[in-house]
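The values are calculated or read from the model by the stated rules, or taken from the named source; none is laboratory data. Predicted model only: the values in this text are computed from it and were never measured. Here Cβ is always computed from backbone atoms with ideal geometry, including for glycine, and neighbour counts include all displayed protein chains.
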Amino acid sequence: MILETVALELVAVGLVISACLAIFLEEAVHSVVALAGAFFFAALLFLLNGAVFVAIFQFAVGVGTLAVLFLSGEMLTEKFKKKTSLRTALTVLVAGAFLCLPAIFLSIPVSTATGYGVSFEESLWSLRAPDIVLQGLVIMVVAIGIAIVLHDKKKGET
């Protein structure tokens with residue numbers, strides 16, 4: 001039980017730190033790589049909680065999102081001469097780790113049942129249907145928006 005809790009906390013720390021890096025890194029490619037880490041840690045968190053199919057779904061959605069973000073980031077962003085300094089990256093790493101401290105030291109015991117009397121795995125599939133549909137809708141809208149921007153950019157070049 002303690003090993004499982006430590007594993008969950010380490011994965012959560014990795015998730016928070018990679019999400020912070022995805023937000024604060026200045027180069028688009030580095031941000032997308034950090035976002036890949038966040039998607040991976042989120043899928044791993046679901047997997048460690050016994051929700052295998054949700055982990056697979058999260059990973060698949062993450063891969064599709066990353067492909068769209070990577071291509072659009074490469075095509076639409078200007079190439080900056082300024083790189084993210086090592087000091088800035090380390091500051092973000094320390095800030096992300098600091099944000100995780102309350103969750104690590106003030107842990108709430110993990111229970112297998114939710115407030116509705118269903119297991120965690122069941123609740124992810126039976127109670128999150130609107131959330132999953134809206135997540136797919138957001139990804140579709142982003143993809144359509146990027147396609148429109150790329151079409152307008154191509155139209156302006158000719």
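Can you confirm whether region 50-57 contains a residue that is crowded, with 18+ Cβ neighbours inside 10 Å, at pLDDT below 80 and over 11 Å from the mean Cα position of the chain (by Cα)?
Yes, that holds for at least one residue.
Within region 4-30, which residues are more than 11 Å from the chain's Cα centre (by Cα) and either part of a loop (DSSP other than H, G, I, E, B) or not aliphatic (A, V, I, L, M) (or both)?
4, 5, 9, 24, 25, 26, 27, 30 - these are the residues of region 4-30 that are more than 11 Å from the chain's Cα centre (by Cα) and either part of a loop (DSSP other than H, G, I, E, B) or not aliphatic (A, V, I, L, M) (or both).
State which residue pairs qualify: first residue under 12 Å from residue 45 (Cβ atoms) and inside region 1-26, second residue among the basic types (Lys, Arg) and in a helix (DSSP H, G or I) in any location, beta carbons under 7 Å apart, and separation of 6 or more residues or different chains.
No pair meets every condition.
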